[in-house]
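The values are calculated or read from the model by the stated rules, or taken from the named source; none is laboratory data. Please read all numbers here as calculations on a predicted model, not as lab measurements. When the accessible area is computed, the model is the full protein with side chains, heavy atoms only, and any ligands, DNA or RNA have been set aside. Shrake-Rupley method; radii C 1.70, N 1.55, O 1.52, S 1.80 Å.
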Amino acid sequence: MNMRFKSCAALATALLFAATGADAAAEVAHIFWKDLRPATQAIAEDANLPMIAAKLPDHGETLSLNLQDKMIQLAGYALPVDRDGDLVYQFLLVPWTGACSHMPTPPPNQIVLVTPALPYTMKEAYEPVAVTGVLKPGMEKSQLFILDGVSIVQSGYTVRKAEVARVDTVPDTVTLPINSPWNFLNKKKN
């Protein structure tokens, strides 16, 4: 009898966890980069070049608090911050290829500092990925080691214990203008 009770309790617990997991998956908000900035802030296409924080009245530090502590999914390009070979322990998620290293840095409200739940295997910088996790607004500074030296990048959001999946495309990526010196990045990733 005791064994039967334990089996029933185990089954009930498993069903409870399965139901909770399904509810949590249903509550994931699929967001876009525009959701992380104020509606009044110009986007890169409007400016006809990559937007940079210095050009914005608030330097891009106005964050979207309506997404605070929400489970979100956002697609972008991964730029490693902490890595060991192909394993990436932390990265910046940015809205276009080349951001932060090959071209001007996006404003903080367009950069997410991501810590994967498990190290993510990445073959190259700016790999398109979808990140799922709890979004936390708050300024963080990261040190990037790039070809021309060290760069400090400020992000406006963090997602810790994130699920990371490679994707083929980023739906709302910024395509650089034809006359951009970084236009070669469009062909590589888009």
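Quick one: grab Rg to one decimal and Dmax as a whole number for the stretch 88-168, Cα atoms only, in Å.
Considering the stretch 88-168 through its Cα atoms, Rg and Dmax are 11.9, 33 Å.
Measure out, as a whole number of angstrom, how far apart the alpha-carbon centroids of the stretch 120-142 and the stretch 59-76 sit.
If you average the Cα positions of each part, the centres end up 13 Å apart.
When all protein chains stay in place, what accessible area (Å², nearest 10, 1.4 Å probe) is found for residue 140?
It works out to around 60 Å².
Round to the nearest 10 and report in Å² the accessible area of residue 152, as given by a 1.4 Å probe over the protein chains' heavy atoms.
Accessible surface of residue 152 is approximately 100 Å².
Given 70/136; 70/141; 34/141; 136/161; 70/123, which pairs have Cα atoms separated by over 18 Å? Please list the in-between numbers first.
On the way: 70/136 8 Å; 70/141 22 Å; 34/141 22 Å; 136/161 12 Å; 70/123 30 Å.
Beyond 18 Å between Cα atoms: 70/141; 34/141; 70/123.
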